[in-house]
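Working notes, beginning with the structure itself.
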Amino acid sequence: MLIQTLAAAATTAAPQNKFGFVEALQAGGFISYATVIILGIMSFGSFFILFTKFFEQSKIMNQYKNNVANFWRAPTLKEGAAKLEKNSAWRQIVDDGIAAEDQVSKMDATEAHDWTHGSLARSEASINAKLASGLPFLATVGATSPFIGLFGTVVGIYRALIAIGLAGSASIDKVAGPVGEALIMTALGLLVAVPAVLAYNYLQARNKRIAELLTGFSTDVLANLASKGVVKPAVPAAAAAKPAAPAPAKK
């Protein structure tokens, strides 16, 4: 009983200080909460753009793999357009090319070619612009979130210096809270910035690949229009049907 009483008295006399994420935010006050909320919004927006753009890019690439070969097997562009998905990037280029061809009857050959080429270029540019939407936000997050975290770090260090000045000594119990808050803000800023930069570079590389496919497809469509359907890209032949297994010989 005596030992338990002494232990309880020691615990009461020297309460343990709690240092954690919630305690650091509470000690930092409004600035810490505002910094965490801003970084949280940036992080959520970055992952939202990453997933939505990834699925959008994957859809365009799958449409190219599954439909473009069948499109070029059609005798005319209008018949081939029916094999492409509606509202797809590839259907948009074909439709814009066909629409441009219908408008060149009052132009000479040179003007007609330039008009068709410009129409396809505008269509391609609009698709690339749509794919690039959202990427500036990722670049902004990657560039600014470390500085937002650094702002919280500076405020935490400032509070630590004030605590040292008021206490007259740099004891660990006076500065642990503000310094811990400062380090947490730095870590949060980096935690938000690194995924945003990686996502930006990854999506940008995929956009470049799609832009190459769009340019090639647009060039093939232009050549087909200029040649009145004669010029077409080489399309792999469909896999030949497997020969039927020979019937067993009758005895």
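Taken together, the values in this text are just the output of simple stated rules run on the coordinates, not laboratory data. Please read all numbers here as calculations on a predicted model, not as lab measurements. Here the Cβ positions follow ideal geometry from the backbone for every residue, glycine too, while neighbour counts run over all protein chains shown.
What FRET efficiency do you get for Ala125 and Phe44 if R0 is 30 Å and r is their Cβ-Cβ distance, rounded to the nearest 0.05? E(calc), rounded to 0.05, equals 0.50.
The stretch between Ala139 and Asn62, if pulled fully straight at 0.36 nm per residue, gains 25.0 nm over its current Cα-Cα span. Calculated FRET efficiency, Arg209 to Leu161, Cβ-Cβ distance, R0 = 51 Å: about 0.50 to the nearest 0.05. With a/c under 1.5 counting as rounded, go ahead and sort the range 19-226 into rounded, prolate or oblate using the C-alpha gyration tensor (a ≥ b ≥ c being the square roots of the eigenvalues; past the cut-off, prolate if a/b is larger than b/c, else oblate). Prolate. Ordering Lys65, Lys59 from the fewest to the most neighbouring beta carbons within 10 Å gives Lys65, Lys59. Residue ranges 143-152, 40-49 sort as 143-152, 40-49 when ordered by packing (mean number of other C-beta atoms within 10 Å per residue, highest first). Here the gap between Thr76 and Thr52, fully extended at 0.36 nm per residue and compared with their Cα-Cα distance, gives a gain of 5.2 nm.
Couplings for the range 127-142, taken from phi via the Karplus curve 6.51 cos²θ - 1.76 cosθ + 1.60 with θ = phi - 60°, read 5, 5, 5, 5, 5, 7, 5, x, 5, x, 5, 4, 5, 5, 5, x Hz in order; Gly and Pro are left as x. Counting Lys and Arg as +1 and Asp and Glu as -1 over every other residue whose Cβ lies under 11 Å from the Cβ of Met61, the net charge comes to +3. Each Lys or Arg adds one and each Asp or Glu takes one away; over the other residues whose Cβ falls under 12 Å from the Cβ of Leu203, this sums to +3. Non-local lysine pairs in the range 19-226, meaning eight or more places apart or on different chains, with alpha-carbon distances under 26 Å, amount to 23.
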